[in-house]
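What follows is a short report on a single structure.
Values quoted throughout were computed directly from the atomic coordinates according to the rules given, and no laboratory measurement underlies them. Keep in mind it's a predicted model, so treat the numbers as computed, not measured. Ideal geometry is used to build each Cβ from the backbone, glycine not excepted, and the neighbour counts take in all protein chains shown.
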Amino acid sequence: VLDELGAVFRQELDFRLEAERQRWFAAFHAGDPKITVPRVVDGRSGPRVLTSEWRPGTPFDEACAAPEPERAAWIATLWRFVFRATLLGGYFNADPHPGNYAFGPDGHVTFYDFGCVVPTRPERRILAQAMHRAAVAGDVQAFRGAAGRMLQTRGGAYERIALDYMVEAFAPLFRSPYRITRSYAASLLAAFKESAKEAMKVPEDEFVPIPEGMLFMNRLQFGFYSVVARLDAEVDFAAIERAFLPDGAGAG
Ligand SMILES: Nc1ncnc2c1ncn2[C@@H]1O[C@H](COP(=O)(O)OP(=O)(O)O)[C@@H](O)[C@H]1O
Ligand SMILES: [Mg+2]
C-alpha cells in the first residue's frame, strides 16, 4: 500500500505525464457534448510546466446554489465522466476535489487537473463492469460474487464484512433513482472505518489486504460522493450506466 501511495504521489510531480493523461481524458470524452477537458498547449508544456487552453466556468459553490434540475444534470455528467473512464477506459482520476470542476449551462462540466490519475488493469475493469452491471440490475447475489472476486476474499467473516460494505457503497445504483446525501456519504465513511476495525478481529487466514489499485478507488469514492452530496439532487444513476455499460456477454 505504501509503495502504491509513493508511486502515485511522485507521478503527480511530473507534468509531462499529467499532460499525457489530460490528452487521454480529452480524447476519451471527445464524443460527450457535456464534457470539456481543456486542450494541452504542447509548445508551452514540459516536465515542469503544463499549459492548457483557458476554459473557465461557474465554480462549485455557485453550482451548489442552482435549482435542483440543473444540479441533477451536472451530477449526471460527473457520474458519466468518472465511471465511463473507469469502467471502459484505461484510467480513473482519483482527485475529485471540487476545484477540479467548473460548471456551465445544460449539465455542461469542464474538468481540470489530471495529476492524480490511476491506470486500471483490463481484468479488474471486467470485474468492475460485472459489479456495476449486477448493481444496475438489482442482483445482490451476482454483485457479491463479482465484488468478492475483485477484493480476492476467501470466505468467512472478513468476506461478509467487506461485501456488506460494498453493497452499501453501491446504493446509488441498487436503489436508483437515488439522492446521495451528506448523511449517506458520512455513514459510508463510518461504515468503512467500522468494517476496517472489525476486519482486525477476523482469523488471519481470512484477512486479505486491499488489492493494488483499490486504495485510490476508495479515495475517489469518498471524495466523489461528498462532491455529489453537496450538489444534492436525485439522479437515475442506473439509467446513466445502462446507456454505456457493455452487456457482459463472454465477460464472465
Ligand atoms: N484550463 C483552465 N482554464 C481555466 N481555469 C483553470 C484551467 N486549469 C486550471 N484552472 C483553475 O486553476 C485551478 C488549479 O488548477 P489544477 O490543475 O486543479 O491545479 P492543482 O494541482 O493545484 O489543484 C483549478 O481549480 C481551476 O480553478
Ligand atoms: Mg486541482
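Results, tabulated for the structure shown:
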| item | result |
| --- | --- |
| The chain, relative contact order in percent, only Cα pairs under 8 angstrom and at least six apart counted | 23 |
| The chain, helix-only ellipticity at 222 nm - DSSP H runs n ≥ 4, -39,500 (n - 2.57), divided by all residues, nearest 500 | -17000 deg cm²/dmol |
| Acute angle (nearest 10 degrees) that the helix 182-199 long axis makes with the longest principal axis of the chain, alpha-carbon atoms | 40 |
| Cα-only Debye scattering, the chain: base-10 log of I(q)/I(0) at q = 0.16, 0.17 Å⁻¹ | -1.29, -1.43 |
| Rg and Dmax [Cα atoms of the stretch 89-161; Å; Rg one decimal, Dmax integer] | 16.4, 50 |
| Among Ala19, Ala137, Ala94: highest mean-square fluctuation, GNM of the chain, C-alpha pairs under 10 Å | Ala137 |
| Cα-Cα pairs of the stretch 105-206 separated by more than 19 Å (percent) | 57 |
| Amide H within-cut-off set for Tyr91, under 5 Å, with H built and near neighbours excluded | Thr120 |
| Rg and Dmax of the stretch 151-252, Cα atoms only, in Å | 15.3, 43 |
| Along the chain, longest interval not containing exposed trypsin sites (Lys or Arg not before Pro), exposed being DSSP loop plus at most 12 other Cβ atoms within 10 Å | 49-153 |
| Unit charges at the beta carbon, dipole of the chain: most positive-side option, Leu88, Pro59, Leu2 | Leu88 |
| Whether the stretch 1-138 is rounded, prolate or oblate, judged on the alpha carbon gyration tensor where a/c under 1.5 counts as rounded | oblate |
| Karplus (6.51, -1.76, 1.60) ³J(HN,Hα), θ = phi - 60°, over the stretch 153-159, in Hz, Gly and Pro reported as x | 6, 10, x, x, 5, 4, 4 |
